[in-house]
Amino acid sequence: MRRSTGSRSRAHSPRVPNAKIHPAVAPRAEEIVVTKHRVSAFAGTDLDLMLRANGIETLILTGIATSGVVLSTLRHAADADYTLLVVGDCCSDGDEEAHRVLLEKVFPRQATITTAAGVAQAIGTGR
């Protein structure tokens, strides 16, 4: 068992000057913003409550750390019975083999793997 030293990276903390949301994707005033505190987007947040209160049953997952954030969030969401889509070409990982195995072998057990073009097409056609 490893003990936390409290030295977790704060690179994406709102208090870090360079950790800003790009204006092109900034949330609108009426949109809900969830601040992550742990690897999973659900851990330590009200995300599940907010999604359920808004009748959201399907989640589209993307992320920088396929073997960290995406994996942890997917597992939590699957346990909470959400329908899941993982946009494979909008995920990445420092370990290419882990990324490949997760997208090809692990995630398909609990999610549909798709592409950005597939999501755009589905949204465009209203499916």
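Observations
- Whichever residue in segment 27-42 is within 22 Å of Ala65 (Cα to Cα) and modelled with pLDDT under 90 and, among such residues, is surrounded by the fewest Cβ atoms within 10 Å (Cβ to Cβ): Val33
- Filter result (in contact with a helix residue (DSSP H, G or I) (Cβ under 8 Å, 6 or more places away or on another chain) and surrounded by 17 or more Cβ atoms within 10 Å (Cβ to Cβ)) within segment 77-93: Tyr82, Leu84, Leu85, Val86, Val87, Gly88, Cys91, Asp93
- Of all the listed residues (Val87, Val106, Val70, Val101), the sole one being at negative phi and touching a Cys at 6+ places or on another chain (Cβ under 6 Å) is Val70.
- Flag if Phe107 is aromatic (Phe, Trp, Tyr) and touching a strand residue (DSSP E or B) at 6+ places or on another chain (Cβ under 7 Å): yes
- The one condition in (1) within 26 Å of Lys20 (Cα to Cα); (2) in contact with a helix residue (DSSP H, G or I) (Cβ under 9 Å, 6 or more places away or on another chain) that Ala98 fails to fulfil: (1)
- In segment 94-122, the qualifying residues are those that are closer than 29 Å to Leu49 by Cβ and not hydrophobic (A, V, I, L, M, F, W, C), and the one that is surrounded by the fewest Cβ atoms within 10 Å (Cβ to Cβ) is Arg109.
- Residue check for Val70: surrounded by 13 or more Cβ atoms within 10 Å (Cβ to Cβ) and either touching a Ser or Thr at 6+ places or on another chain (Cβ under 6 Å) or more than 23 Å from Ala19 (Cα to Cα) (or both): no
- Some residue of segment 118-127 being more than 25 Å from Glu30 (Cβ to Cβ) and aliphatic (A, V, I, L, M): no
The values are calculated or read from the model by the stated rules, or taken from the named source; none is laboratory data. Note that the structure is predicted; figures quoted are calculated from it, not measured. FYI the Cβ positions are ideal-geometry reconstructions off the backbone, even for glycines, and counts take in every protein chain you see.
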